There are 2 protein chains.
Amino acid sequence: MSQAHYDTELTLSDERFTARYRIAAETLAEAEAAARALAVEQTIEFPAELTTGRIAGEVVARVEDLRELGDGAFAAELSFAVELVGGELTQLLNVFFGNSSLLPNVRLERIGLSPRLAARFPGPRFGVAGLRRVLGVPKGPILSTALKPLGLSPSDLAEMARRLAAGGIHLIKDDHGLADQAFAPFEARLEAVVRALAGTGAIYAPNVTAPGEETLRRARLAREAGAGAVMVAPGLVGFDRMERLAREVGLPILSHPAFLGGFVPKGDGGIAHYALFGQLQRLAGADAVIFPNHGGRFAFTKEECAQVNAGLKDDLAGLAPAFPAPGGGMSLERVPEMRTLYGEDLIFLIGGALHRRGPDLTANARYFRALVEGA
Amino acid sequence: MSQAHYDTELTLSDERFTARYRIAAETLAEAEAAARALAVEQTIEFPAELTTGRIAGEVVARVEDLRELGDGAFAAELSFAVELVGGELTQLLNVFFGNSSLLPNVRLERIGLSPRLAARFPGPRFGVAGLRRVLGVPKGPILSTALKPLGLSPSDLAEMARRLAAGGIHLIKDDHGLADQAFAPFEARLEAVVRALAGTGAIYAPNVTAPGEETLRRARLAREAGAGAVMVAPGLVGFDRMERLAREVGLPILSHPAFLGGFVPKGDGGIAHYALFGQLQRLAGADAVIFPNHGGRFAFTKEECAQVNAGLKDDLAGLAPAFPAPGGGMSLERVPEMRTLYGEDLIFLIGGALHRRGPDLTANARYFRALVEGA
């Protein structure tokens, strides 16, 4: 024998989880080679011919299925031993798409969880039903907007929130650029907005995107102050910090897409909308997910938005469904069309358009609510 | 007046930082409109016509320069008030590329720091010079490899480390898939490998990529145990957690590219290699940055790799330069060519090829070292 052959001492369970990838390839043979290489890349990242026994048979991912999709694309279903994860979300994401994020011909399309993973990562703590209870809106779409522009003081932002709530907005969130700047420090802003919304029925979701443990600390402050929810950008803080928010703080979570756009499929790579804005968000505990609606300032298609909606509401090992919150330059007149696309479990997130209509924010909010209720 | 017009009570300093973007556009007029829209998107994300005074003039980013690059591309230099950041890396990254990550026609090319930001984010704690001191290699390339495959026990990994060190490898890191799995729990692995390397002159960089505070806890354990460095994947844990590692733990940091590939430029979007694997890594404290070398399993070009190298060593407000650590399916025979491309301040990271050469790892490592020293 001219080579060492590595094996493991560990006995693995039969429990495996799955991921489906889209592989760009000219021929079935090329796709098969790419799928086998992917199975190695996401697990042992080591010459497969130098492994044996359980490492070769169980630690390396298995290509369970490979089928042609047409147009130079193939769907590969891989399965992974649950022991690869060690119970950590960072390592689970690494197995799903760590090194493969660097491969130009591989896209993560779908994830599948095994029972042990679903128990370890129970998903949205509130989900659609729980967030409805918190908001006191048992059915129909939710109305939402953001406090902005950057530069306003806590009292300006609080007054804006008061006017919006008086017009019937259910959920008022920070602009995602509001962090802890001198013009509107987090704690002063939290206190002022919560006070302004007391008794209105509207709830406030301050942005807790921040370095390190500060995310958790701000979320706890929000809970203690009486904010009804929090917003966080997992692209900036990592999906695992959002998952900790869900587990440790106990407020509904709005996920913001800032710094996550790198993963939007371009060419043949990236993470499909279904997984990126749907499944992975629920895996990491989001109760509502903000993303760019089609036809706005960003470039999502209607079909991609439908995929986000489906990924937020599919049967992912029993994890609760989460709300889609499409935004990004929406106009009020698009409300009926959006309801048709997303269904009743939908958060309408309208920002600048609510201000453009005229100086009376309460009247604008009432107009918005009437449109939504009439849809 | 039919609209409210918002202004701020805050007086801003004159201190501004910058970013250069590549904008895909057909005409100069289209590029100008896109640059102005980008200036709004990254700051107030609000109808600019409804702002006035300091918000309109200072809080909104300024388009300082716009020039045609040819082939339907333009370079836009934007400047931002330092007050937008509030001293938080998450918000700085949000200003650089939060919402713009979702725009298909905008690529982040370069960042520029202002004095206050450079003081707040001092960059690599060790850098090229400091890591050389830790390794005891005052000049010439550094030799590095990874402990793998997944599935091996701590004692297997430690024995592998011992053999590699005996052959002259300077820096031995975990495979990035080694987290805290049952087959090689973090603490047992740390202890076994550090013990195996004692007295060899080689240093160990365990992978501390983990959820939440566990990253910091493992890095502190590594320091106490006597590991000489740590490895972390900022794509999985967030750049701000890597920055905390640099600030709070005091070991050299190797940055791994897992889950960061989404940002690699595809189409007209993404973050240019210069910024993604160069500048942003130093901003967040990496002393050495792993990335896929051209011609390996991934698709980086030689020019893109040269850009990474340049971004790791440029004058970024005085932040220390960091080592490039190209890897990803390198063969031993490519050593001379790599040295020509990257220069002397280079970490050779060779994984599987070191095992493929034959069963005697120490002999393979010696061959590798001789190649590097002869280059």
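Just a few scattered comments:
- Test: B:Gly238 is within 7 Å of chain A (Cβ to nearest Cβ) and either buried (at least 24 other Cβ atoms within 10 Å of the Cβ) or closer than 24 Å to A:Val85 by Cβ (or both): yes
- All of A:Ala76, A:Ala129, A:Ala119 fail the test of being within 30 Å of A:Arg339 (Cα to Cα) and small (Gly, Ala, Ser), apart from A:Ala129.
- Every residue from region A:20-40 that is surrounded by 23 or more Cβ atoms within 10 Å (Cβ to Cβ) and in contact with a helix residue (DSSP H, G or I) (Cβ under 6 Å, 6 or more places away or on another chain): A:Ile23
- Applying the set (1) within 21 Å of A:Phe46 (Cβ to Cβ); (2) at pLDDT below 95 to B:Asp180 leaves exactly one unmet item: (2).
- Just one residue in the set B:Leu190, B:Leu152, B:Leu157 is more than 26 Å from B:Gln281 (Cβ to Cβ), out of contact with any Phe, Trp or Tyr (no Cβ under 7 Å at 6 or more places or on another chain) and surrounded by 21 or more Cβ atoms within 10 Å (Cβ to Cβ); that residue is B:Leu157.
- Complete set of residues in region B:254-270 that are touching a residue at least 60 places away in the same chain (Cβ under 8 Å) and more than 7 Å from chain A (Cβ to nearest Cβ): B:Leu254, B:His256, B:Pro265, B:Asp268
So that you can scan it fast, the table gives a plain yes or no per residue for (1) in contact with a Leu (Cβ under 6 Å, 6 or more places away or on another chain); (2) more than 28 Å from A:Pro47 (Cα to Cα); (3) modelled with pLDDT of 95 or more:
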{"position": "B:Leu280", "(1), (2), (3)": "no, yes, yes"}
{"position": "B:Leu283", "(1), (2), (3)": "no, yes, yes"}
{"position": "B:Ala286", "(1), (2), (3)": "no, yes, yes"}
{"position": "B:Phe298", "(1), (2), (3)": "yes, no, no"}
{"position": "B:Ala320", "(1), (2), (3)": "no, yes, yes"}
{"position": "B:Gly328", "(1), (2), (3)": "no, no, no"}
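- In region A:134-158, of all residues being more than 11 Å from every other protein chain (Cβ to nearest Cβ) and without any contact (Cβ under 8 Å) to a residue 40 or more places away in the chain, the one that is nearest to A:Leu332 (Cα to Cα) corresponds to A:Val137.
- Failed condition for A:Phe263, given (1) crowded, with 24+ Cβ neighbours inside 10 Å; (2) at pLDDT 95 or above; (3) aromatic (Phe, Trp, Tyr): (2)
Rundown of residues vs (1) within 14 Å of chain A (Cβ to nearest Cβ); (2) out of contact with any strand residue (DSSP E or B) (no Cβ under 7 Å at 6 or more places or on another chain); (3) of a type in the set (Ser, Thr, Tyr), yes/no style:
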position	(1), (2), (3)
B:Pro336	no, yes, no
B:Tyr342	no, no, yes
B:Ile347	no, no, no
B:Ala353	yes, yes, no
B:Pro359	yes, yes, no
B:Arg366	no, yes, no
B:Glu373	no, yes, no
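- For B:Thr27, the conditions (1) among the hydroxyl-bearing types (Ser, Thr, Tyr); (2) more than 24 Å from B:Leu93 (Cβ to Cβ); (3) touching a Ser or Thr at 6+ places or on another chain (Cβ under 6 Å) are fulfilled apart from (3).
- Qualifying residue in region A:137-144 (condition: under 26 Å from A:Ala363 (Cα atoms), crowded, with 24+ Cβ neighbours inside 10 Å and among the hydrophobic types (A, V, I, L, M, F, W, C)): yes
- Members of region A:223-268 that are under 17 Å from A:Gly177 (Cα atoms), assigned to a helix (DSSP H, G or I) and among the aliphatic types (A, V, I, L, M): A:Leu236, A:Val237
- Among the residues of region A:171-181, some residue qualifies, meaning at least one is in contact with a His (Cβ under 8 Å, 6 or more places away or on another chain) and not polar (S, T, N, Q).
- Test result for B:Glu9, surrounded by fewer than 18 Cβ atoms within 10 Å (Cβ to Cβ) and either within 17 Å of A:Gln181 (Cβ to Cβ) or touching a helix residue (DSSP H, G or I) at 6+ places or on another chain (Cβ under 8 Å) (or both): yes
- Residue count for region A:41-79, restricted to those that are surrounded by 18 or more Cβ atoms within 10 Å (Cβ to Cβ) and at positive phi: 1
- Taken over region A:3-31, the criterion of being at pLDDT 95 or above and under 20 Å from A:Ile111 (Cα atoms) is satisfied by A:Glu15, A:Arg16, A:Phe17, A:Thr18, A:Ala19, A:Arg20, A:Tyr21, A:Arg22, A:Ile23, A:Ala24, A:Ala31.
- So B:Arg20, is it under 24 Å from B:Leu92 (Cα atoms), touching an Asp or Glu at 6+ places or on another chain (Cβ under 9 Å) and in the same structural domain as B:Pro115 (by TED's automatic domain parsing): yes
- Residue under evaluation A:Asn207, criteria (1) within 29 Å of B:Phe263 (Cβ to Cβ); (2) within 13 Å of another protein chain (Cβ to nearest Cβ); (3) in contact with a Pro (Cβ under 9 Å, 6 or more places away or on another chain), criterion not met: (3)
- Against the numbered list (1) crowded, with 18+ Cβ neighbours inside 10 Å; (2) over 16 Å from B:Ala275 (Cα atoms); (3) within 13 Å of chain A (Cβ to nearest Cβ), B:Phe300 comes up short only at (2).
- Taking residues in region A:92-111 that are more than 7 Å from chain B (Cβ to nearest Cβ), and partners anywhere that are charged (D, E, K, R), the pairs with Cβ atoms closer than 7 Å and at least 6 places apart or on different chains are A:Ser100/A:Glu41; A:Asn105/A:Asp268; A:Arg107/A:Arg22; A:Arg107/A:Asp268; A:Glu109/A:Arg20; A:Glu109/A:Arg22; A:Arg110/A:Arg20.
- Wholly within region A:44-141, helices (runs of 4 or more DSSP H) carrying at least 2 residues that are within 28 Å of B:Gly267 (Cβ to Cβ), at pLDDT 95 or above and aliphatic (A, V, I, L, M): A:89-97
- From the list B:Gly228, B:Gly177, B:Gly201, B:Gly168, the one residue that fits, being touching a residue at least 12 places away in the same chain (Cβ under 8 Å) and within 11 Å of chain A (Cβ to nearest Cβ), is B:Gly177.
The values are calculated or read from the model by the stated rules, or taken from the named source; none is laboratory data. What you see is a predicted model, and the numbers here were worked out from it, not measured in a lab. All Cβ positions, even for glycine, are placed from backbone atoms using ideal geometry, and neighbour counts span all protein chains on display.
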